[in-house]
Structure formats: C-alpha cells, structure tokens
1. Out of all the residues in the range 23-33, is one or more free of Cβ contacts under 8 Å to residues at least 60 places away in the same chain and farther than 30 Å from M1 by Cα?
2. Going residue by residue through the range 1-16, is there one that turns out to be open to solvent by 40 Å² or more (accessible area, probe 1.4 Å), in a strand (DSSP E or B) and away from ligand 1 (no atom under 16 Å from the Cβ)?
3. Criterion first (touching a residue at least 60 places away in the same chain (Cβ under 8 Å), charged (D, E, K, R) and within 15 Å of ligand 1 (Cβ to nearest atom)) does E46 satisfy it?
4. Looking at A58, A67, A76 in this structure, which one is surrounded by 15 or more Cβ atoms within 10 Å (Cβ to Cβ), under 25 Å from P109 (Cβ atoms) and more than 16 Å from ligand 2 (Cβ to nearest atom)?
5. From the set of residues in the range 14-53 that are modelled with pLDDT under 95 and of a type in the set (S, T, Y), which is farthest from ligand 2 (Cβ to nearest atom)?
6. Check whether at least one residue in the range 95-104 is among the charged types (D, E, K, R), touching a helix residue (DSSP H, G or I) at 6+ places or on another chain (Cβ under 7 Å) and buried (at least 18 other Cβ atoms within 10 Å of the Cβ), and report yes or no.
7. Only one of E21, E92 is open to solvent by 30 Å² or more (accessible area, probe 1.4 Å), on the phi < 0 side of the Ramachandran plot and within 16 Å of ligand 1 (Cβ to nearest atom). Can you tell me which?
8. Can you tell me which condition M89 does not meet? The list is (1) closer than 20 Å to V159 by Cβ; (2) out of contact with any Ser or Thr (no Cβ under 8 Å at 6 or more places or on another chain); (3) not aromatic (F, W, Y), and all the others hold.
Amino acid sequence: MMHPFRCELCGETYVGSYPAERCPFCGAAGKYLLPAAEWMKYGKVEMCKQSYEDCQKALDLELSNYAYYKCATACAESQVTETIFKRFMKQELEHAEVFAKAMGIALPPEPQVSCAGNDVKNMEESNIHENMAIKFYIEAARRAPEPRIRQIFRAFAEVENEHLVTLNVYK
Ligand SMILES: [Fe+2]
Ligand SMILES: [Fe+2]
C-alpha cells in the first residue's frame, strides 16, 4: 500500500509504503516528511531584519554551492563522485528555493562559479563550503525568533553536515 507524504521543508511530494529515511529532494531528515493530510503550506515568512539578512546570505551560499556542484558534476572523474555531486547540486538548489520562498522573492539567477578539474580538489573545496554553511546556519538558527526560520536553518545545517560526512568518506 502506497501513501502520500510531503516534505515540511521543501514541499516536495513523495509516495511510498513508508516515509523515506530522508527527503529525496532536499535531504531533510525523515521526521520532516509528513503524511500529506498533515502537511502545512509555508509561503513568505514575516521575519525580523536580522533573519532576513541571514536568509539572504544563506540564499547566496546555497546558490553558489549549487553552481559549484554543477561544475563538479560536469567534471566528475568517476560514476561515484558524479552521483554524489549531482545529488548535492539538486539539494542545494532546493535549499535556495526554500530561502527565496521564505523571503517572498523570486529565485535569483545562478552565479558563475568555476571548479577544479579533478575530484579530490572539488571534494576539498566542497568541504570548505559545507563547513562554512553549517557554522553559519547553526548561528542563524540560534538567533532567529521565528520558529519557521529556526526550523529551516536547523534542518539544512543537518543536511549540509551529512554532505560533509559523505564527502569525507568518499574523498
Ligand atoms: Fe524536502
Ligand atoms: Fe544547502
């Protein structure tokens, strides 16, 4: 028997016998995959100036990581690294969309980002980017007064942390 689920973070839908272990789209932990009937639609979030600035910075980070992983995917030297980069690329784009939606703005065009021509270097670079994002998201979650903004930063800090772990295993 298949059941409809929906991600509380990115809003993507998932149909399966059980909730997925993680959102297949944004990578959020399984606890954010809700039975469709319980799902609540989030649009623009009323937020303070600090939170808005934090979301803006996060949006820039996500878009630049998206563009970096896109380049790394195109340059990947093996099927394994291509698989990892490709999934992370898509997850970062989902994250960017979540921040833009919360801010009530359209997704800005992706920045021009270049990457190294080899996997080892690209994995190292990605490591640095992910580390920066994690630190910043934890900080932003801590100071955000809005529950939804805290939720987004917390959930994505976890996802970026898993990116880091995966990169370290496969580098
Ligand atoms: Fe999701
Ligand atoms: Fe991300």
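The values are calculated or read from the model by the stated rules, or taken from the named source; none is laboratory data. The shown structure was predicted, so the numbers you read here are calculated from the model rather than taken from an experiment. FYI the Cβ positions are ideal-geometry reconstructions off the backbone, even for glycines, and counts take in every protein chain you see. When the accessible area is computed, the model is the full protein with side chains, heavy atoms only, and any ligands, DNA or RNA have been set aside. Shrake-Rupley method; radii C 1.70, N 1.55, O 1.52, S 1.80 Å.
1. Taking every residue of the range 23-33 in turn, none turns out to be free of Cβ contacts under 8 Å to residues at least 60 places away in the same chain and farther than 30 Å from M1 by Cα.
2. yes
3. Spelling it out, it is not the case that E46 is touching a residue at least 60 places away in the same chain (Cβ under 8 Å), charged (D, E, K, R) and within 15 Å of ligand 1 (Cβ to nearest atom).
4. Numbers: A58 fails: more than 16 Å from ligand 2 (Cβ to nearest atom); A67 fails: more than 16 Å from ligand 2 (Cβ to nearest atom).
Criteria check complete, one pass: A76.
5. S17
6. No; the residues of the range 95-104 include none that is among the charged types (D, E, K, R), touching a helix residue (DSSP H, G or I) at 6+ places or on another chain (Cβ under 7 Å) and buried (at least 18 other Cβ atoms within 10 Å of the Cβ).
7. Among E21, E92, only E21 is open to solvent by 30 Å² or more (accessible area, probe 1.4 Å), on the phi < 0 side of the Ramachandran plot and within 16 Å of ligand 1 (Cβ to nearest atom).
8. Failing condition for M89: (2).
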